[in-house]
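Here's the structure, in structure tokens; my notes come after.
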Amino acid sequence: MATPVIWKLMLSCFFCFTAAAASAETLVFTAIPDEDETKLVERFRGVADYLSEQLNVDVRYIPVKSYAAAVSAFRNNQVQLAWFGGLSGVQARRLVPGSEAIAQGVEDEAFETYFIANTNTGIEPAAELSALKDQLQGKTFTFGSKGSTSGRLMPEFYVRDTFNAKPDDFFSRVGFSGNHTRTLRLVEAGTYDVGALNFQVWEKELADGNINTDAVQVIWKTPHYPDYQWTIRGDVDERFGDGFKQRVTEALLNLDNPELLESFPRSGFIPAANADYEPIRKTAQEIGILD
């Protein structure tokens, strides 16, 4: 039978172990579902492994089904870090005071939306959207996700600004595909005449030979605007220790694995700040879609 001293030692060790287990934290992150889920899971599992190694903490990626779900997970502290688009990042940071945009892709500083059209429409590319008014009016049109910067916010802004009309009034039918890849496929198949998508998705699918250029083409490109970014909650230092936010930032800025970067696709990550996305906030507010 154990002596009282041994029991005390055993209890002491038990409580030490329990405290250590309780203090062990997992950094959980998510990303807006802007492409096929299989591609996203493969990409962000690689990011999770990289961050875990760099930060010396357990890091886990959880997929979500919608842009709104990504924002909600961030708001509810189910995730502490997220790869957001411009609009979803603005929404999330408004809901979680103290949260910060910490890194963006090199290409995200000057992002674009491509308007694409099924070639059977006969619509020809133009340098100015206004030149396409007669060809576009009355056609069917699909955005991506309702919460997408490049797939909804910016294309809707330019439609309203150029044609002085809401998309529902200008086009004969307006849809929301859910993500950029699906927008491409719907227009390519002729389900919709015209659509708007993230230029990076178009360029990558084109480079990979996944676009039938006899069936679909780019007809207009928007001016540049800021888009995707990594946003982190402001309370991570309290949870993971002093300086943790800076360590996460440095890990993302130092990510140089060619395969991981290609999967985004980005050539690298550069510093970002909340102020960079003020044009997105103003645009969203102007057209009434800032939740």
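Are there any pairs with C-beta distances below 7 angstrom linking a residue in the stretch 248-260 that is assigned by TED's automatic domain parsing to the domain that holds residue 272 and modelled with pLDDT under 95 to a residue that is polar (S, T, N, Q) and open to solvent by 20 Å² or more (accessible area, probe 1.4 Å), with the two at least 6 apart or on different chains, and if so which?
none
I'd like the full set of residues that are part of a strand (DSSP E or B) and under 14 Å from the mean Cα position of the chain (by Cα), limited to the stretch 27-44.
Scanning the stretch 27-44 gives 29, 30, 31.
Take residue 102 and decide whether it is under 27 Å from residue 206 (Cβ atoms) and touching a helix residue (DSSP H, G or I) at 6+ places or on another chain (Cβ under 6 Å). Don't jump to the end; show me each part of the working.
Details: under 27 Å from residue 206 (Cβ atoms): no; touching a helix residue (DSSP H, G or I) at 6+ places or on another chain (Cβ under 6 Å): yes.
Taking the combined requirement at face value, the residue does not satisfy it.
Return the only residue of 287, 270 being at pLDDT below 95 and not assigned by TED's automatic domain parsing to the domain that holds residue 164.
Result: 287 is the single residue among 287, 270 that is at pLDDT below 95 and not assigned by TED's automatic domain parsing to the domain that holds residue 164.
Mind checking which pairs have a first residue in the stretch 195-215 that is charged (D, E, K, R) and a second that is in a loop (DSSP other than H, G, I, E, B) and crowded, with 18+ Cβ neighbours inside 10 Å, Cβ under 6 Å, 6 or more apart or different chains?
As it stands, the answer is 205/211, since those pairs meet every condition given.
Identify all residues within the stretch 153-194 that are without any contact (Cβ under 8 Å) to a residue 60 or more places away in the chain, among the aromatic types (Phe, Trp, Tyr) and in a helix (DSSP H, G or I); write none if there are none.
163, 170 - these are the residues of the stretch 153-194 that are without any contact (Cβ under 8 Å) to a residue 60 or more places away in the chain, among the aromatic types (Phe, Trp, Tyr) and in a helix (DSSP H, G or I).
Kindly establish whether residue 244 is within 21 Å of residue 48 (Cβ to Cβ), touching a strand residue (DSSP E or B) at 6+ places or on another chain (Cβ under 7 Å) and in the same structural domain as residue 43 (by TED's automatic domain parsing). Can you show your working first?
Working: within 21 Å of residue 48 (Cβ to Cβ): yes; touching a strand residue (DSSP E or B) at 6+ places or on another chain (Cβ under 7 Å): no; in the same structural domain as residue 43 (by TED's automatic domain parsing): yes.
Answer is no for this residue.
Report yes if some residue within the stretch 211-221 is farther than 30 Å from residue 95 by Cβ and acidic (Asp, Glu); otherwise report no.
yes
Answer yes if at least one residue in the stretch 211-219 is assigned to a strand (DSSP E or B), open to solvent by less than 50 Å² (accessible area, probe 1.4 Å), among the aliphatic types (A, V, I, L, M) and touching a Gly at 6+ places or on another chain (Cβ under 8 Å), and no otherwise.
Among the residues of the stretch 211-219, not one is assigned to a strand (DSSP E or B), open to solvent by less than 50 Å² (accessible area, probe 1.4 Å), among the aliphatic types (A, V, I, L, M) and touching a Gly at 6+ places or on another chain (Cβ under 8 Å), which makes the answer no.
Could you list, in sequence order, all residues of the stretch 152-202 that are closer than 26 Å to residue 38 by Cβ, surrounded by fewer than 24 Cβ atoms within 10 Å (Cβ to Cβ), out of contact with any strand residue (DSSP E or B) (no Cβ under 6 Å at 6 or more places or on another chain) and not hydrophobic (A, V, I, L, M, F, W, C)?
178, 181, 182, 185, 191, 200
The values are calculated or read from the model by the stated rules, or taken from the named source; none is laboratory data. All of these numbers come straight from a predicted model, not from anything done at the bench. Glycine also receives a Cβ, built like all others from the backbone with ideal geometry; neighbour counts cover every protein chain displayed. When the accessible area is computed, the model is the full protein with side chains, heavy atoms only, and any ligands, DNA or RNA have been set aside. Shrake-Rupley method; radii C 1.70, N 1.55, O 1.52, S 1.80 Å.
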